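All remarks here apply to the structure that follows.
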Amino acid sequence: MKFLKTSALLCCVGFSGELLAERELPNFEIGLGGGKGIDVELFNLDFTVNIPMTSFLSSQINLDSNYVFGDPDLGDFAVSEFNGMGFIRVKEGRIGAGLGTLQLKSKSGAYETEQVQVVRGTAALYVKDVTFSWDYAKFDDDFRATTSLRAGLIWYPSEGQKLALFRERYDSTEGWRLESFVQPQKYRQHLALGVVLRGGNADIFPYMGLALRYYFDRGMSFKQRERSYH
């Protein structure tokens with residue numbers, strides 16, 4: 001994992017160089033979330049660094065940690081992922097790929113920590129105020145408590161609002177995910193607040209949670225930000 005972190009950082013910094021100076025500097029995002037499923041409580045903390053390089057190339061570094069309490073099979077545990085992503089962007093959409101590691105760790109030490117490599121692929125098509133999105137993760141089939149596929153659409157009814165509906169695969173079971181986010185005007189598009197609903201055949205569903213995201217750069221609409229960086 002240490003090797004992956006070092007390689008991703010060196011690649012992003014070395015490749016961007018003068019191109020960053022001509023366009024934009026890296027920007028940072030932090031996300032917090034929490035909610036409740038069937039007899040399970042979930043909390044999330046993630047950190048993202050977006051690194052623009054040219055008008056059609058960008059990269060991203062992600063650290064995402066999920067903490068689950070009361071799972072009937074795994075007890076209290078944490079699932080964390082560190083990855084680096086690269087994107088090719090055009091006016092009509094984007095494609096991307098990345099590599100990282102996933103780690104599953106018991107909070108009580110009831111079972112050994114699992115760690116596997118993960119390969120990610122992503123694509124999106126932009127049609128006016130709607131984005132059709134597809135995200136896929138390939139990892140060891142025995143690894144649990146992780147979403148491997150998410151496909152659906154995102155609608156931006158206004159600059160400060162977005163609605164999203166996805167079909168997703170969690171622990172080899174099919175389900176759905178509904179999101180609604182707003183950017184309160186008084187925070188000048190630096191803060192996003194949202195509600196997340198999930199359903200499906202997994203033991204933790206249905207799930208309802210709240211999410212908060214803060215952007216450490218200039219303010220912009222959901223559509224502009226996500227089509228520029230995500």
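The values are calculated or read from the model by the stated rules, or taken from the named source; none is laboratory data. Please read all numbers here as calculations on a predicted model, not as lab measurements. Neighbour counts run over all protein chains shown; Cβ positions are idealised from the backbone, glycine included. We work out accessible area using only protein heavy atoms, side chains counted, and drop any ligands, DNA or RNA first. Shrake-Rupley method; radii C 1.70, N 1.55, O 1.52, S 1.80 Å.
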Within the set Lys107/Lys162; Lys91/Lys223; Lys105/Lys138; Lys186/Lys223; Lys36/Lys223; Lys162/Lys186, which residue pairs have Cα atoms separated by over 24 Å? Lys107/Lys162; Lys36/Lys223
For a label point 7 Å along the Cα-to-beta-carbon line of His190, residues of the stretch 31-51 with backbone N under 20 Å: 31-33, 46-51
Starting from the 7 Å offset along Cα-to-Cβ, what nm value, one decimal, do you get for the label separation of Val127 and Asp39? 4.3 nm
For the chain, find the longest principal axis of its Cα atoms and tell me its angle to the long axis of helix 2-22, 0 to 90°, nearest 10. 20 degrees
Apply 1/(1 + (r/R0)^6) to the Cβ-Cβ distance of Lys107 and Leu178, taking R0 = 25 Å, and write down the FRET efficiency to the nearest 0.05. 0.30
For the stretch 99-114, just list the computed ³J(HN,Hα) in residue order, Karplus coefficients 6.51, -1.76 and 1.60, θ = phi - 60°, integers in Hz, with x standing in for Gly and Pro. 9, x, 10, 10, 9, 10, 10, 6, 6, 9, x, 5, 8, 5, 5, 9
Give me the distance in nm between label points sitting 7 Å out from Cα along the Cα-to-Cβ direction at Ala97 and Ser221, one decimal. 3.3 nm
Here, Asp140 and Val90, labelled 7 Å along Cα→Cβ, have an inter-label distance in nm of 3.9 nm
Leaving out ligands, DNA and RNA, and with a 1.4 Å probe, what % of the accessible surface on the stretch 65-192 is carbon or sulfur? 55 percent
